Amino acid sequence: MSRTAAGHTVRQPTDGTTIMMRSILVAAVAGVLTAVLAAYLLTAPARQSRTGTLAGPDNAASRVTNAAEAWPICSTIAAMVETPDWAALDPDFAAGKRAIGTGDWEGAIKALTNAALRDARNADIQNYLGYAYRRLRQFDPAMQHYQQALTLNPRHRSAHEHLGEAHLAQGDLAKAKEHLAALEQICLIPCDEYGDLKRAIAEYNKLASR
């Protein structure tokens, strides 16, 4: 015990009491930490599930769009080789087609853009421009050129196919099917463009169902 300045007697805690109080405090802190850790571990699977759904590489939409360039892409362009009739083409148009044949997308865009300045109503040039932009995954200009090709020639089979494939690459299956239906009406009998787009849609559906 001790006395205050006013002469009052104050009882000091004994060593046993101090030890007991410390033990109680330590136990309380340990209990809180244990509860927090348990709550974290119990909710971890849910957090991982949400993360996987939103950003995981196995997300269906991600798989489909990332695999877009692996689909059958326009068998007529893939098999394109220079023929004697190219000599009658605008030199830049011919150069653009050669660049597409070798996979030089930027070179194709440069040459075809020059050709389009001299022949603004050529749907083929617009279609090839759209194709080159699409292979660079620059979808905005690709869509614009495809639409311009179809404005100039609504029955342009290759533009319908390419635009349908571009819609698939952006996850728009409904729009791709619209162009497949248009090709079915235009071709009447099976044509390469219809077959290519139909195979691309089938591949899209297969990837989306995994």
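Among all residues of the stretch 82-90, there is none that is in the same structural domain as E165 (by TED's automatic domain parsing), within 19 Å of Q148 (Cα to Cα) and among the charged types (D, E, K, R).
Against the definition (within 19 Å of T76 (Cα to Cα), surrounded by fewer than 16 Cβ atoms within 10 Å (Cβ to Cβ), among the β-branched types (V, I, T) and out of contact with any strand residue (DSSP E or B) (no Cβ under 9 Å at 6 or more places or on another chain)), how does I201 come out, yes or no? Here the answer is no, as I201 does not meet what is asked.
The values are calculated or read from the model by the stated rules, or taken from the named source; none is laboratory data. Only a predicted model underlies this, so the values are computations on that prediction, with no experimental measurement involved. Here Cβ is always computed from backbone atoms with ideal geometry, including for glycine, and neighbour counts include all displayed protein chains.
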